[in-house]
Amino acid sequence: MWNADPSLLDAGEVARRAGTDPTYGLTAAEAFDRLERFGPNRLDPAATVPTWRKFLAQFADPLIYLLLAAIVVSAAAWAIEGADGLPIEAIVIAAIVLANGVLGFLQERQAEAAVAALQRMAAPMAEVIRDGEPRSVVATELVPGDLLVLEEGNAVSADARLLTSVSLSVAEAALTGESEPVLKDASPLPAPASIGDRLNMVFSGTAVTMGRARAVVTATGMRTEMGRIATLLGQTDEERTPLQREISVLGRALGGAVIVIALVVTGTILLTADLEGPRAVVDVLLLGVSLAVAAVPEGLPAILSVILAIGVQRMARKRAIVKKLSSVETLGSASVICTDKTGTLTRNEMMIQAIVTHSGEVAVSGDGYDPAGSVNDDGRPLARGPLWDEVRGVLGGGSLANDAILQLEDGTWRVRGDPTEAAFLVAERKLGTTEARATRFERRAEIPFSSERKLMSTLEADTAHGGEIAIMTKGAPDVLLARCTRERVGSG
């Protein structure tokens with residue numbers, strides 16, 4: 001699709017080469033065809049390991065190797081001694097080894113199933129324009145040429161060339177290592193540049209920290225810059241956990257000790273005892289082998305597996321999933337855990353519950369983004385009057401200085417944009433003033449919210465008053481109140 005670097009092309013030329021309309025995006029049929037042609041927008045998963053190999057992997061442990069050797073030696077000694085009865089010692093050790101492998105295998109299968117279920121539930125979504133309508137699609141269904149809609153708080157799910165941009169800043173630390181967000185610009189670059197300097201491009205795996213933009217997808221899946229990194233990572237060897245390294249050292253030490261014990265005991269007896277005939281020599285050798293087998297801690301692998309399994313079960317009761325038994329000890333060795341709170345530890349939803357103005361305080365009922373609720377004054381729906389006018393002004397201003405979208409999709413109310421801004425839209429619907437506001441004002445300009453300014457401002461033309469310009473601002477109370485000189489009372 002691309003014979004030239006899209007960062008060097010004009011936005012219109014990028015859209016033309018991508019075969020997409022910069023206003024209406026792709027059609028659903030075209031998006032489906034491209035999905036068939038280019039494949040899903042995801043990194044190539046690791047090669048599937050057959051079940052039998054996963055089971056055999058449970059026995060890839062130095063202590064297990066010692067036990068397997070002990071089984072062979074015990075069975076050989078039993079056979080040499082005449083194969084009388086059953087080789088009880090070999091059977092017991094084999095049962096311990098098998099039980100240990102089955103326990104680890106079943107635990108990891110359960111964890112893999114739980115992780116797969118979580119991945120299906122937490123599938124990332126992307127906002128696109130298709131058939132001229134904004135819609136949310138699973139990020140894996142993005143295709144080259146899709147028209148991405150980016151807003152503050154969004155994750156970028158594919159590499160894309162900006163078509164329009166309003167104060168867009170993107171955190172690219174995951175890709176470039178730069179800690180500060182990068183201010184983007186839709187203008188074409190004069191010359192080829194490195195990833196960190198491609199200011200008119202956004203990349204998969206990064207996040208929007210401020211502003212909004214539209215961009216046309218130029219690469220998906222393994223063709224993205226993140227895909228190239230994944231290819232390199234796939235060539236690195238997996239590190240063993242601290243517990244696995246310690247067990248390996250212990251296994252080698254025990255193996256050496258076992259051999260030394262067998263050699264010392266056998267050699268001492270052969271040199272000091274008065275042996276008569278080959279049978280006596282065989283008995284001495286069997287004695288040395290028996291001592292060696294006795295020195296192998298048959299129960300240690302089973303005890304380790306049981307203890308780790310108990311740890312996994314305790315974590316599961318706390319809703320924490322561990323895929324490998326040995327990782328339990330690794331997690332216990334961690335001193336710092338970094339996690340993203342919003343959407344990970346919380347639901348990433350915000351609701352307005354109370355509004356305080358000059359004339360009083362009202363409560364907003366309801367839950368989530370469903371606008372089925374009401375604005376109540378002392379337990380009763382808010383009636384028209386000064387307090388209603390003030391509440392309408394608060395919610396109307398917050399909804400104008402706002403980039404979120406609230407839509408009913410398949411019977412469920414869904415939000416595109418910042419959850420705090422969405423809370424204003426939901427509360428305004430509960431007050432019942434949305435439609436009038438939506439048809440009255442026309443945005444002319446905006447200054448997005450930033451951590452430095454702590455305010456968002458929009459320039460609105462009031463069509464009900466001949467296009468009179470009004471500035472709507474929302475933000476941190478301490479910053480906003482410091483700029484106020486008057487207080488609204490009723491409608492004045």
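With the condition kept exactly as written, say whether any residue in region 223-241 is of a type outside the set (D, E), open to solvent by less than 50 Å² (accessible area, probe 1.4 Å), over 21 Å from the mean Cα position of the chain (by Cα) and modelled with pLDDT under 75.
Filtering region 223-241 for residues of a type outside the set (D, E) gives 223-224, 226-236, 240-241.
Okay, now just the ones that are also open to solvent by less than 50 Å² (accessible area, probe 1.4 Å), so 224, 226-227, 230, 241.
If we keep only those that are over 21 Å from the mean Cα position of the chain (by Cα) as well, we get 241.
Of the ones still in play, those that are also modelled with pLDDT under 75 are 241.
Yes; the residues of region 223-241 include at least one that is of a type outside the set (D, E), open to solvent by less than 50 Å² (accessible area, probe 1.4 Å), over 21 Å from the mean Cα position of the chain (by Cα) and modelled with pLDDT under 75.
E421 - would you say it is at pLDDT 85 or above and either open to solvent by less than 60 Å² (accessible area, probe 1.4 Å) or polar (S, T, N, Q) (or both)? Even if it seems obvious, please write down each step before you answer.
Working: at pLDDT 85 or above: yes; either open to solvent by less than 60 Å² (accessible area, probe 1.4 Å) or polar (S, T, N, Q) (or both): yes.
So E421 fits the description; yes.
Given region 244-342, what helices (runs of 4 or more DSSP H) lie entirely inside it while holding 2 or more residues that are open to solvent by less than 40 Å² (accessible area, probe 1.4 Å) and at pLDDT below 70? Can you show your working first?
On the way: elements: 278-295, 299-317, 327-332.
Hits in region 244-342: 278-295, 299-317.
Name every residue in region 431-450 that is closer than 26 Å to A354 by Cα and either without any contact (Cβ under 8 Å) to a residue 24 or more places away in the chain or open to solvent by less than 30 Å² (accessible area, probe 1.4 Å) (or both), in order of residue number.
Answer for region 431-450, where residues must be closer than 26 Å to A354 by Cα and either without any contact (Cβ under 8 Å) to a residue 24 or more places away in the chain or open to solvent by less than 30 Å² (accessible area, probe 1.4 Å) (or both): L431, G432, T433, T434, E435, A436, A438, P448, S450.
Return the residues of region 192-204 that are part of a loop (DSSP other than H, G, I, E, B) and either surrounded by fewer than 20 Cβ atoms within 10 Å (Cβ to Cβ) or acidic (D, E) (or both); say none if nothing qualifies. Break it down into steps so the answer makes sense when it comes.
Within region 192-204, the subset part of a loop (DSSP other than H, G, I, E, B) is 192-194, 198-200, 203-204.
Those that are part of a loop (DSSP other than H, G, I, E, B) and either surrounded by fewer than 20 Cβ atoms within 10 Å (Cβ to Cβ) or acidic (D, E) (or both): P192, A193, S194, L199.
So, of the residues in region 350-373 that are in a loop (DSSP other than H, G, I, E, B) and over 42 Å from the mean Cα position of the chain (by Cα), which turns out to be surrounded by the fewest Cβ atoms within 10 Å (Cβ to Cβ)? Explain how you work it out, then say what you get.
Residues of region 350-373 that are in a loop (DSSP other than H, G, I, E, B), as a first pass: 350-353, 358-359, 365-373.
After this cut, where a residue has to be over 42 Å from the mean Cα position of the chain (by Cα) as well, the list is 358-359.
Numbers: H358: 11, S359: 17.
Here the answer is H358.
Answer yes or no as to whether S491 is out of contact with any strand residue (DSSP E or B) (no Cβ under 8 Å at 6 or more places or on another chain) and touching a residue at least 12 places away in the same chain (Cβ under 8 Å).
Yes; evaluated as a whole, the condition is true for this residue.
Give just the number: which of (1) at pLDDT 75 or above; (2) among the aliphatic types (A, V, I, L, M); (3) part of a loop (DSSP other than H, G, I, E, B) does A46 not satisfy?
For A46, the failing item is (1).
Which one is modelled with the lowest pLDDT among residues in region 49-98 that are charged (D, E, K, R) and open to solvent by 50 Å² or more (accessible area, probe 1.4 Å)? Give the steps one after another, and end with the answer.
The first filter runs over region 49-98 and keeps only residues charged (D, E, K, R), leaving 53-54, 61, 81, 84, 89.
Among the residues that remain, those that are also open to solvent by 50 Å² or more (accessible area, probe 1.4 Å) are: 53-54, 81, 84, 89.
On the way: R53: 77, K54: 75, E81: 67, D84: 75, E89: 72.
Step by step, filter region 49-98, then rank; the result is E81.
I'd like the residue in region 374-394 that is in contact (Cβ under 8 Å) with a residue 60 or more places away in the chain and of a type in the set (G, A, S) and, out of all such residues, is surrounded by the most Cβ atoms within 10 Å (Cβ to Cβ).
So the residue we want is G393.
Which residue pairs have Cβ atoms under 8 Å apart, sit 6 or more places apart or on different chains, and have a first residue in region 242-253 that is over 16 Å from S333 (Cα atoms) and free of Cβ contacts under 8 Å to residues at least 40 places away in the same chain and a second that is surrounded by fewer than 18 Cβ atoms within 10 Å (Cβ to Cβ) and polar (S, T, N, Q)?
none
Tell me, which residue of region 452-492 that is of a type in the set (A, V, I, L, M, F, W, C) and in contact with a Ser or Thr (Cβ under 8 Å, 6 or more places away or on another chain) is most open to solvent (accessible area, probe 1.4 Å)? Break it down stepwise before answering.
Kept after step one, since they are of a type in the set (A, V, I, L, M, F, W, C), are these residues of region 452-492: 455-456, 459, 461, 464, 469-472, 476, 479-482, 484, 489.
So of that shortlist, the ones also in contact with a Ser or Thr (Cβ under 8 Å, 6 or more places away or on another chain) come out as 455-456, 471-472, 480, 489.
On the way: L455: 2, M456: 4, I471: 119, M472: 40, L480: 50, V489: 71 Å².
Per the criteria, the residue is I471.
Exactly one condition in (1) part of a helix (DSSP H, G or I); (2) free of Cβ contacts under 8 Å to residues at least 60 places away in the same chain; (3) over 30 Å from the mean Cα position of the chain (by Cα) is false for G397; which is it?
All conditions pass for G397, except number (2).
More than 22 Å from P448 (Cα to Cα) and either in contact with a Ser or Thr (Cβ under 9 Å, 6 or more places away or on another chain) or crowded, with 20+ Cβ neighbours inside 10 Å (or both): does that describe L189?
Details: more than 22 Å from P448 (Cα to Cα): yes; either in contact with a Ser or Thr (Cβ under 9 Å, 6 or more places away or on another chain) or crowded, with 20+ Cβ neighbours inside 10 Å (or both): yes.
For L189, the condition - more than 22 Å from P448 (Cα to Cα) and either in contact with a Ser or Thr (Cβ under 9 Å, 6 or more places away or on another chain) or crowded, with 20+ Cβ neighbours inside 10 Å (or both) - is met.
The values are calculated or read from the model by the stated rules, or taken from the named source; none is laboratory data. If you're wondering where the values come from, they're calculated on a predicted model, not measured in any experiment. Cβ: placed from backbone, ideal geometry, glycine included. Neighbour counts: every protein chain shown. Each accessible area value is taken on the protein alone, full model and side chains, heavy atoms only, with ligands, DNA and RNA left out. Shrake-Rupley method; radii C 1.70, N 1.55, O 1.52, S 1.80 Å.
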